[in-house]
Amino acid sequence: MKPFSSHWQVAQNVSLKAWNTLGLEAVARYYYAATTEAAAMAVMKEARAAGLPVLVLGGGSNLLFAADWEGLVLHMRTGGRWVVAETEDEVLIEAAAGENWHALVMWTVAQGWGGIENLALIPGTAGAAPIQNIGAYGVELKDVLDEVRVWIAGKGVVPLKNEDCAFDYRDSIFKQMPRGDFLVLAIRLRLKKQAVPNLSYYALKQYFEEKGIASPSVAEVAQAVIDIRRSKLPDPAQIGNAGSFFKNPVVERALFERLRAQYPSMPFFEVNERQVKIPAAWLIEQCGWKGKRRGAVGVHERQALVLVHYGGGTGAELWQLAKDIQKDVAARFGICLQPEVNVLGGG
Ligand code: EPU
């Protein structure tokens, strides 16, 4: 690797332990925390010109460092959220990439604006949200996203409209671009002033039925989501994790029918005429992995889709556990689980 000299205050050999919610030790050869868009783009361009691989870091909540990062980690720490435009029914807001996602949700909830209340408590930043089209409890970012302002190598800063982003389940156009070829600067969301609650997700509907609330407010929905998430997902501040480790697999109907005949209690979600989604958590639990611990890493006891790091372990150990789970699920069900987290290094 060529030595990298920057006009900016780029640090060397920086521990990333505090910057990934799995709490794994990994070292960034170069590290820069950008608090302005201009600085972020300048450092990104310098690193690219020097041939350095660039990893753009948001909240570090969807990353597994299976090895050190032999390049530049560009930590997006830009802040700010504001109203761009509003009508009688809608409000268009913009948030800088480095804004904390949950804080953004709670700000919109406090104003009574509807649209992202079901996405409360998702760890990470606003800038990372469109990359995997974050989703939970019946809502995905694509349902409210208006535009992503993004720097793209060879193109400069462009606004990408919702329809240009190729959003799909935990997927977007950004996942097709090489890492380091783009930098999300800000996102725009279109929210409703007269919110209609989305209670399509079973657990949410049940929560309000039990409480006898027919038409909950935006704040009540956010609180329900927070309560449900806290009841089954581990808090990264207490135990290292990156949320769901794998995506829920979408399988062809023929395979689904075969499995359903064998396992009548298997939960599923209809996708379209040809395909059905099966909860990865169920597949993992059936293979006996739920709550299993192996040294410093393990599978969460209340959500089999969440892999955890108890501290003192390595990314390689966690990745080995994930691969062993993949192998068992493939052998038993003929389904290949795909990681939802970004696995860096490790092969
Ligand atoms: N289940 C099990 N065992 C478990 C957990 C769940 O068998 O240990 C079964 C249950 O039958 C349940 C079904 O799996 O009905 C679905 O479980 P859950 O509602 O907990 O959701 P999920 O499909 O496991 C997805 C997202 C989560 C999101 C929740 C709620 C993915 C990969 N994960 O999980 O997102 O919070 O739905 O909408 O799509 C994340 O992406 O990091 C994340 C946490």
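Each value in this text was obtained by applying a stated rule to the coordinates, not by laboratory testing. Everything numeric in this text was worked out from a predicted model, so none of it was measured. Here the Cβ is made from the backbone with ideal geometry for all residues, glycine too, and neighbour counts use every protein chain on show.
So what is the relative contact order for the range 11-76, in percent, with contacts set as C-alpha pairs under 8 Å and at least six apart?
Values: 120 pairs, mean separation 27.9, N = 66.
Contact order relative to length: 42 percent.
Non-local amide H neighbours of Leu57 (under 5 Å, H modeled in plane, Pro and chain starts lacking H): which ones?
Leu74, His75, Met76
Starting from the amide H of Trp69, placed 1.01 Å from N in the peptide plane, find each other amide H under 5 Å away whose residue is 5 or more places distant or on another chain.
It is Val27, Ala28, Arg29, by chain and number.
Per-residue ellipticity at 222 nm for the chain, helices alone: DSSP H runs ≥ 4 residues times -39500 (n - 2.57), over residue total, nearest 500 deg cm²/dmol?
My calculation for the chain gives -7500 deg cm²/dmol from helical runs alone.
Fewest to most neighbouring Cβ within 10 Å: what's the order for Thr36, Thr87? Walk me through the numbers before you get to the answer.
Working: Thr36 12, Thr87 8.
Placing the least packed residue first, the sequence is Thr87, Thr36.
With a cut-off of at most 16 other beta carbons within 10 Å, and DSSP calling the residue loop, which trypsin sites (Lys or Arg not before Pro) in the range 185-270 qualify? Please list them. All intermediate terms of the calculation are to be shown ahead of the outcome.
Values: sites: Arg188, Arg190, Lys192, Lys193, Lys205, Lys211, Arg229, Arg230, Lys232, Lys247, Arg253, Arg258, Arg260; in loops: Lys193, Lys247.
Here the trypsin sites (Lys or Arg not before Pro) that fit, given the DSSP loop and packing criteria, are Lys193.
Within 10 Å of each candidate Cβ there may be at most 10 other Cβ atoms; applying that plus a DSSP loop requirement, which GluC sites (Glu not before Pro) in the range 52-89 survive?
Numbers: sites: Glu70, Glu86, Glu88; in loops: Glu88.
Counting only loop positions with at most 10 other Cβ atoms within 10 Å, the GluC sites (Glu not before Pro) in the range 52-89 are Glu88.
Among Ile284, Ile134, rank each residue by its count of other Cβ atoms within 10 Å, from fewest to most, as a rough exposure measure. Could the numbers behind the result be given before it?
Working: Ile284 25, Ile134 22.
Exposure proxy ranking, most exposed first: Ile134, Ile284.
Sort Tyr137, Tyr30 by Cβ crowding within 10 Å, fewest neighbours at the top.
Numbers: Tyr137 21, Tyr30 24.
The most exposed by this proxy come first: Tyr137, Tyr30.
Can you tell me which lysines have their Cα less than 19 Å from the Cα of Lys161? Leave out same-chain residues fewer than eight positions away.
Counting by Cα, and skipping residues close in sequence, Lys161 has these lysines nearby: Lys142, Lys175, Lys192.
State whether the range 240-344 is rounded, prolate or oblate according to the following rule on the C-alpha gyration tensor (a ≥ b ≥ c being the square roots of its eigenvalues): a/c under 1.5 gives rounded; otherwise a/b larger than b/c gives prolate, and the remaining case gives oblate. Don't jump to the answer; show the numbers that get you there.
Working: a/c = 2.35, a/b = 2.00, b/c = 1.17.
Because a/c hits 1.5 or more and a/b exceeds b/c, the range 240-344 counts as prolate.
Skipping prolines and chain starts, which residues have an amide H placed within reach, meaning under 5 Å, of the one on Glu340, given they are 5 or more residues away or on another chain?
Correct list: Phe246, Lys247.
First check a/c for the chain, with a ≥ b ≥ c the square roots of the eigenvalues of its C-alpha gyration tensor; if it is under 1.5, answer rounded, and if not, answer prolate when a/b is larger than b/c or oblate otherwise. Numbers along the way, then the final one.
Details: a/c = 1.72, a/b = 1.13, b/c = 1.52.
Note, shape of the chain comes out oblate.
How high is the relative contact order of the chain, in percent, counting Cα pairs under 8 Å that sit 6 or more residues apart?
Working: 721 pairs, mean separation 59.6, N = 347.
Reported relative contact order: 17 percent.
Which parts of the range 175-212 would a label at Arg48 reach, counting a residue when its backbone N lies under 18 Å from a point 7 Å out along Cα-to-Cβ?
Only 175-186 fall inside the zone, counting backbone N under 18 Å.
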